[in-house]
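First up is the structure itself, then whatever we jot down about it.
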Amino acid sequence: MRVFFVLLTVAFLGLSVYNGCKRNQEQTLSEKIAHKEQALSKISAKRPLNKKEVKPLLTLYEKFYKENPKDTLAAAFIMNAAQNAMQSQMYQKALHYYDIVETDFVNTHHYPMAIFMKAFVYDQTMDTAHARIYYNKFIEKFPEHKLTDDAQISLLNLGKSAKEIVTSFEKQQQPE
């Protein structure tokens with residue numbers, strides 16, 4: 001009986017140490033992300049970031065997500081990754097991140113924005129077929145969302161050049 005108790009104690013201590021190490025590693029990764037975000041924020045205040053500068057941060061976000069796939073902080077990090085990828089004109093990478101939120105974080109507040117932003121990225125890359133699908137999906141799922149009007153306007157302007165949009169807007173402003 002004494003041997004069993006000793007083995008149980010050793011197993012418990014081993015599990016405690018393992019969990020403590022995992023938590024420390026998670027904190028360290030979060031701290032690395034925060035540090036990198038701060039550094040890039042200072043640079044982006046002066047000029048746009050390039051892909052080479054953004055990629056290490058994207059790697060950290062991905063690592064956190066892979067190690068903590070159900071953590072709501074992972075959803076926030078993946079949304080940040082998508083935003084950074086988009087700002088650095090890595091549109092396929094941004095879509096990949098929005099896909100992750102769409103499939104793995106449906107029950108978070110990030111989900112509606114991921115759907116809207118997928119539509120927006122497709123719109124920006126002139127993939128009007130996919131943009132239409134995602135704007136419609138957004139409107140159907142979130143009719144009361146603050147971006148629903150924007151999605152409806154974007155649908156009306158899909159495929160139009162900036163000049164065509166301005167001309168259309170000017171016509172609407174003219175009294176009849």
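The values are calculated or read from the model by the stated rules, or taken from the named source; none is laboratory data. This structure is a prediction, so every number in the text was calculated from the model and none was measured. Quick reminder, even Gly has a Cβ in these numbers, built from the backbone with ideal geometry, and neighbours come from all protein chains shown.
What to note about this one:
- Evaluating residue 37 against the criteria (1) of a type outside the set (Phe, Trp, Tyr); (2) closer than 23 Å to residue 121 by Cα; (3) not in a helix (DSSP H, G or I) leaves one unmet condition, (3).
- Residue 95 part of a helix (DSSP H, G or I) and surrounded by 19 or more Cβ atoms within 10 Å (Cβ to Cβ): yes
- On the stretch given as the stretch 128-151, residues that are crowded, with 19+ Cβ neighbours inside 10 Å and small (Gly, Ala, Ser) total 2.
- Filter result (closer than 17 Å to residue 123 by Cβ, without any contact (Cβ under 8 Å) to a residue 12 or more places away in the chain and not in a helix (DSSP H, G or I)) within the stretch 133-171: 160, 161
- Scope the stretch 57-92; condition in a helix (DSSP H, G or I) and in contact with a Pro (Cβ under 9 Å, 6 or more places away or on another chain); matching residues: 87
- Looking at 59, 125, 103, 167, just one residue is under 21 Å from residue 35 (Cβ atoms), surrounded by fewer than 16 Cβ atoms within 10 Å (Cβ to Cβ) and of a type in the set (S, T, N, Q), and that residue is 59.
- Single match in 85, 162 (criterion: modelled with pLDDT of 95 or more and among the aliphatic types (A, V, I, L, M)): 85
- Residue that is surrounded by the most Cβ atoms within 10 Å (Cβ to Cβ), among those in the stretch 40-56 that are assigned to a loop (DSSP other than H, G, I, E, B) and among the hydrophobic types (A, V, I, L, M, F, W, C): 49
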